Every structure is written in structure tokens, then in C-alpha cells.
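Computed from the coordinates by the stated procedures, all read-outs in this text should not be read as laboratory data. In this text, all values refer to a predicted model and were calculated from it rather than measured experimentally. Here Cβ is always computed from backbone atoms with ideal geometry, including for glycine, and neighbour counts include all displayed protein chains.
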């Protein structure tokens, strides 16, 4: 029998299960594989909320937001014939996995572009606001914006932001803390900037949109630092995030210089549906058909080669649906976005864990359509994102043990992540000290002509990006006593990152209890879909 906490929807407690003696094994993603594990008696399992009901008519919801904005005139009232407009749009780092078409960004762009044309606004460019992320491939852009927008704007008026173009960036000023504020020149010289945002976690949107998406390396140096990461209690709790505070300071300078109309969309968490809908369930509620599907899926994945497994997952889009759209001035829009988003993703939890267990899935914001989730990105998911999936106080107490499941293979995509290869094999074998790495090596990579060229004219992440990925885990490294990996196919990669390995979950738990004691509280984050713990 399983013991379930009181079912109170307002608190989300129906999504917390305590494992008893004969409870069903739990599913964990481990890269492109599924693990089915028996958890120790007394383990607390935190499940995501059920998907919220989508808006009945997304097109109508978007039009309503444009005509009833927060803190600004309706979009149509801001338009005059002959004006210069730049539409900035989030790249494909969110949502994860990529959503089914039509992408919500396509829906927004089609409505906005039609409105601009109706008001005689012909000088319109659409810029993919990717900061130092890799340039999107042509086919990725086409899939995201849809055929109509692609045909009308590509390639001269629909293109990737270039943070390293010496003629394409301007300085807007400095914050009261001395942080430099750069911006894409086209946007800075426009009469109106329309930012089309897709919110997936609370760290997205708001002032981050313009202050990060349309900026460059010199501005990002202000907050993409080990110091700022350690000062951020959680990336997903903006009031307690130094990153968010810096984004806000820079964004306010940008908003003072630019006229920006923000459009923010919120998705539910319907990651899987159809034949894979059983992955959204509590295993205790599985039907016999669900169990057969799981057995068949696991058998097939175990037999398939890595490339086939990866292709299968990457080509299976998520069934996300829009649950809200808000438009207008940055801060009131984002305040509404966060309320809706937290209602979908946050689950109340009583107190932190001593030992936290989580699988690491096959996709991160930085390896969409890449050949692998490379070791640096496994580290980002573990100590960067999943460690920070909380509000109020950490889900894993200081000094606790983190157990993750992932093969940790020594695989890198040379097209998307060339600077990662040098960083991992050269820098991390010399030192793992983030502060020393930042001081000694970051500018070398950032200004390396080869990496700049591959960022500007290829599809590579900027030379500084692997540094940011290592810093992203810095608070976790300082607060967590041990990271133990199960399912690793080698010992070298985990060792380079300072991690230990175990041959099974049972062995990993025994190792963790050696540090935290036999009575240690064990918690599993059951994701995807993602879940954010409101730790009381």
C-alpha cells in the first residue's frame, strides 16, 4: 500500500507520494534511456501538477492581449504608417522538448505581422533574440515561425541576432551598479520593439527578454559570473535571484531608451500525450496497458543504438498548450505571467531533503537538435537547473547528497559545441575552480577568432558559453556535499567534474546514507514534466 498525503488541490499535495513497502517502481529518464527503479521505503516522490486547461481559442486570446495590454496603449494604437519596427522573438532553447506545430510563437507572429501590414508599417524586421546561443538553422526557424512568416520575411528581414557584429551593436548606457547595457542596433534604432516571448520557467521573460536576448558578451559579463550564481538562492524564484536583479537593472535602462511592447505566452506542462501519455501518470495509477507500454518502450530503447534513440526522442514533439497570453509594459505583464506559470509548475513540499534523486533527460535548453547532451550540459541540468527547481528554500538542504541518473558519455556535437570540447578537455583538467577559470581563461575563449567565426557564420555557441554553463552549477557545487551518478558508462567524465559513480540506485543510496545517516530524508523529483518545489 502507498501512503498519500492529504489531497488538497490548492496546495498541490495530491502530487506528493510517500513510498511504502509494495509501491510500484518509479520511472527515471537517464539520457535517452528509461530506468525503472525501486525506491527506498519512506522516499518522498514529488510529481508535477496535472496540465492546466488550455485557452479555448489561442488566436482570440492573443488578439485580446494585444488589444487590452497592461500599462500601455493597445498595439494598433502604437502603429503609424512608415514607422520602423523590430520584432524580437525567443529562440528554440525553450520549450523542452520542442512543441508541436504551430508553435505559439508562430501564432503571435502571424497576428502581429498582419496588424503591422494593415497599419501601413512596412519597415519590419524579425530578429531571433539568441544572445550568445547558437544561430538557429534555417529549417529550425522555418518550423518555429511557420510558412507564411518565412515566405514573407526570410532571409533579409528574418534573421539571427549577431552579438559579435561590430556594426550591429550599440551601447545604451550603464546601470547604477555600473553594468554595461548593449543592444542590437536594429532594435535600438527602431520606433517600436515588439518582443515575442515564450515562458517555460520563471527565469524566462520579463526584463531578461531584451536585456539578455538582444545583448552581447560585454553586458552578459555583469551577471553570468560565479559570484552572481552563488548569490542567487534560486533561478526560479526571481525575488531571491541576483541574476534576476541584474537583468532588471539592465532591462530598465534598455526600456528607458527603447519603446518595447512585450507579448508573453505561458504553456501548460503537457509534455507527453497519445501513446506516451502514461509517462505523465503516477506509476501507482498505471493500467495493465500502461505497464505493457512501458515494458515495450524500455525493451526497444535498450536495443536501439544511441543515434536511433536520440533521433526518436528529438523527433517526438511535446503536446504543450497555451494557457495564457499577456501583452504591454514589461513589469506588469511579467507579474501576471509568473502568477499563471507558478500555478502550473509549483508544488508545495514540507521541508527540504537530505538526499535528492532525479533523472537527467535527453534534452536541455542548449542541446536542442544536437547530437548529444554533453557532459557540461549534464552538469548544468543537475547542479544548475534541477538543483534550483525550488522557491523559498532549497529542496536539497545544504550539505545534502544529489543522486542523478545519466550515462555521462564523452560525446560532444562539434558543430554546435566546439568551444565546449576544449573547455572540458583542457580547462577542467587543469582546474575546476570557477573563479580561477573566469579570471584566467574566459576572455581568451570569448575573443578567440575561430570561435567568433563559428558563432557568427556557423551554428556554434559563443566561445564564452561553456564557461557560463560551468558557472551555472557553482552554487550547487558549493552547497552539495556529494554528487553520485548511476548509469554512467564511464568513470572518467564524472571524475573530471568531481562526481562519484555507483552501479545501482541501491548502492548510490547506501553511499549517500553514509554521509547523511540512516534516517536521512530521501526525495525524488519525478520529471519531466518539470516541477518546481515550493519548500515550506
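Quick one: if you stick a label point 7 Å off each Cα along the C-beta vector at residue 41 and residue 137, how many nm between them? The modelled label-to-label distance comes out at 5.1 nm.
Rounded to the nearest 0.05, what FRET efficiency is calculated for residue 171 and residue 343 with R0 set to 45 Å and r the Cβ-Cβ distance? The pair residue 171/residue 343 has a calculated efficiency of 0.70. Rg/Rh for region 60-267 (Cα atoms only, Rh after Kirkwood) is 0.95.
Please state, rounded to one decimal and in Å, the Kirkwood hydrodynamic radius that region 205-346 gives when every pair of distinct Cα atoms enters the mean of 1/r.
On the way: mean 1/r = 0.0540 Å⁻¹.
Roughly 18.5 Å, rounded to one decimal.
Neighbour counts of C-beta atoms inside 10 Å place 426, 135 in the sequence 426, 135, starting with the fewest.
Quote the Stokes-Einstein diffusion coefficient, in whole µm² s⁻¹, for region 307-348, based on the Kirkwood radius over alpha carbon pairs, a temperature of 20 °C and a viscosity of 1.002 mPa s.
In µm²/s, the coefficient is 164.
Relative to the dominant Cα principal axis of the chain, helix 58-67 is inclined by about 50°. Debye-formula intensities of the chain, expressed as log10 I(q)/I(0) at q = 0.11 Å⁻¹, are -0.97 (one equal scatterer per alpha-carbon, no solvent).
When a footprinting reagent is the concern and you count Cβ atoms within 10 Å, what order do 234, 277 take, fewest first? Before the final figure, lay out the partial values.
Working: 234 26, 277 14.
The most exposed by this proxy come first: 277, 234.
Compactness ratio for region 269-415: Cα radius of gyration over 2.2 N^0.38 Å (N = residue count) comes to 1.23. May I ask for the angle, rounded to the nearest 10°, between helix 242-257 and the longest principal axis of the chain, with both axes built from Cα atoms and the value confined to 0 to 90°? Approximately 10 degrees, to the nearest 10.
Just for the chain, what percent of DSSP beta bridges are antiparallel, to the closest 5?
Working: 21 of 74 bridges.
Roughly 30 percent of the DSSP beta bridges within the chain come out antiparallel.
Return one number: the angle in degrees, 0 to 90 and rounded to the nearest 10, between the long axis of the Cα atoms of helix 434-446 and the longest principal axis of the Cα atoms of the chain. Roughly 40 degrees between the two axes. Across region 90-170, counting alpha-carbon atoms alone, Rg and Dmax equal 13.1, 37 Å.
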